[in-house]
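The values are calculated or read from the model by the stated rules, or taken from the named source; none is laboratory data. If you're wondering where the values come from, they're calculated on a predicted model, not measured in any experiment. Here Cβ is always computed from backbone atoms with ideal geometry, including for glycine, and neighbour counts include all displayed protein chains. What goes into the accessible areas is simple: the full protein's heavy atoms, side chains included, and nothing from ligands, DNA or RNA. Shrake-Rupley method; radii C 1.70, N 1.55, O 1.52, S 1.80 Å.
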Amino acid sequence: MRFVDEYRDAGKAGALAARVAALCEPGRSYKFMEVCGGHTHTIYRHGLTDHLPEAVTLVHGPGCPVCVIPMGRVDDAIHIAGQPDVIMTSFGDMMRVPGGTGSFLDAKARGADIRMVYSPLDALKIARENPGRRVVFMAIGFETTAPSTAMTVLRARDEGIGNFSVFCNHVTIIPAVKAILDSPDLRLDGFVGPGHVSAVIGCRPYGFIARDYGKPLVVTGFEPLDVLHAVYRILLQLDGGRAEVENQYSRVVPWEGNPRALEVIGEVMELRPYFEWRGLGFISHSALRMREEYAAFDAERIFRIPGGRVADPKACQCGEVLKGVLRPWECKVFGTACTPETPIGTCMVSSEGACAAYYTFGRFSRERVREATGG
Ligand code: SF4
């Protein structure tokens, strides 16, 4: 297939859904986790759950980078933004993420200079244009976005731009998946593996999921037929008594990943001993920080951040949603106190967040209506 509409062909989707149904053992139910928020978006945007048999449930995982940023780190970033001469820059998704003292948008309304950028290179350009100001880039994301942050730091070094720094909040996917596998709350039968992050790390790091936990994982793309195909291939493995890592997204993901991207991450960043994830708590070796050699570009070293831990609001159940234990509509404040306009938790902010995806596309899905009516 070459064109995007071929990956959205309703006839092919129906045929694939029928093959999925044929593979389900009578009386057995299956629960698969889509690790990546991009997949959640695809699933609800295209109504895929309505085409899957009732025996198959897809639950959301921790792969939305905005959703996993804890409130304390948002407060730390707002603290940096409030320092003299600072211009804080951030992806648009971060602007409404609530911290204990409000969001970036609230801080901007109070007078902080916080600007939305599309890439770290935009932040570097602002630094170049404002030599008398200190420009900080709020870096978030998995291994997918870490290479562009690292490349920008190298460029700042090469160009001798001394007023640019990074507040590094990059996280790594494997420890989070392991934490979920070790969680007693959840019984999973397999994983729809993330596409973007795998383009950088490759498929090999998922080997332990099949080997040690006996769960199939199929790395897949973001079109509806990609996701249905991944579900089909997971079921095919279960039917054959296999647990393996497969790559459905070979048109984008090399099995070994992108060695140059991994190299540049390793040059500029190193693993933190531990990092707090919203809803998942502290996970060891699950995030990146700047190496000592790049201390001059490390906002965490340049500015004294409070570094406090802030508990999520009582009503917020993002943690359960991020672990796939609760579906978004099962949260008590979903769609009432918590909406995309007035988010209480992070999962309602980013388009990759499970709650935002369900709110926008999935509120009237067959699955939800069935549960709501007891049908
Ligand atoms: S509805 Fe809001 S508070 Fe509840 S889990 Fe979703 S984002 Fe979090």
In terms of the alpha carbon gyration tensor, root eigenvalues a ≥ b ≥ c, rounded if a/c is under 1.5 and otherwise prolate when a/b exceeds b/c or oblate, segment 244-364 is oblate
Ignoring any ligand, DNA or RNA, what whole percent of the accessible area of segment 33-123 comes from carbon and sulfur when the probe is 1.4 angstrom? 51
Dipole magnitude of the chain, debye to nearest 20 (Cβ charges: Lys/Arg +1, Asp/Glu -1, about Cα centre): 360
Checking I173, I302, I69 against a Gaussian network model of the chain (alpha-carbon springs below 10 Å), the top fluctuating residue turns out to be I302
Pairs of alpha-carbon atoms within less than 8 angstrom and 6+ residues apart define the contacts here; what relative contact order does the chain have, in percent? 23
Express as a percent, rounded to the nearest 5, the fraction of DSSP beta bridges in the chain (both residues included) that run antiparallel. 20
Roll a 1.4 angstrom probe over the protein heavy atoms and tell me the percent of accessible area of segment 182-273 that is carbon or sulfur. 51
Given the options Y44, Y213, Y359, which has the most mean-square fluctuation in a GNM of the chain, springs set between C-alpha atoms less than 10 angstrom apart? Y213
Interchain or sequence-distant (5+) residues whose placed amide H lies within less than 5 Å of the amide H of R115 are M88, T89, S90
Given a 1.4 Å probe and the protein chains all in place, what does the accessible area of R19 round to, in Å² to the nearest 10? 130
5 angstrom amide H check on V56, placed H, neighbours 5+ away: Y30
Per-residue HN-Hα couplings for segment 346-355, Karplus 6.51 cos²θ - 1.76 cosθ + 1.60 at θ = phi - 60°, whole Hz, x for Gly and Pro? 6, 5, 9, 8, 6, 5, 7, x, 4, 5
Could you tell me the distance between the Cα centroids of segment 264-288 and segment 60-85, to the nearest Å? 14
Taking a probe of 1.4 Å and leaving out DNA, RNA and ligands, the chain shows per residue an accessible area in Å² of 42
Given H placed on each backbone N at 1.01 Å, which residues far from R134 in sequence or on other chains put an amide H within less than 5 Å of it? V86, I87
Arrange the residues K332, K314, K323 by how much accessible surface each exposes, largest first, with a 1.4 angstrom probe. K314, K332, K323
With n ≥ 4 as the cut-off for DSSP H runs, can you work out [θ] at 222 nm for the chain, using -39500 (n - 2.57) per run divided by the number of residues, rounded to the nearest 500? -10000 deg cm²/dmol
How do 75-83, 285-293 rank on mean C-beta neighbours within 10 Å, highest first? 75-83, 285-293
The ³J(HN,Hα) series, computed from each phi in segment 220-237 with the Karplus coefficients 6.51, -1.76 and 1.60 at θ = phi - 60°, rounded to the nearest Hz and given as x for glycine or proline, is 9, x, 10, 8, x, 5, 4, 5, 4, 5, 5, 4, 4, 5, 5, 5, 4, 5
For the chain, set up a Gaussian network in which alpha carbons nearer than 10 Å are linked by springs, and say which option among F167, F191, F303 fluctuates the most. F303
Starting at the first residue of segment 308-317, write each ³J(HN,Hα) from the Karplus equation 6.51 cos²θ - 1.76 cosθ + 1.60 with θ = phi - 60°, in whole Hz, x for Gly and Pro. x, 9, 10, 6, 5, x, 4, 6, 7, 10
Rounded if a/c is under 1.5, else prolate if a/b is larger than b/c, else oblate: which is segment 318-362, with a ≥ b ≥ c the root eigenvalues of its Cα gyration tensor? rounded
Roughly speaking, to the nearest percent, how much of segment 318-362's 1.4 Å accessible area is carbon and sulfur? 54
Lysines with Cα under 19 Å of K178, excluding same-chain neighbours fewer than 8 positions away: K31, K215, K323
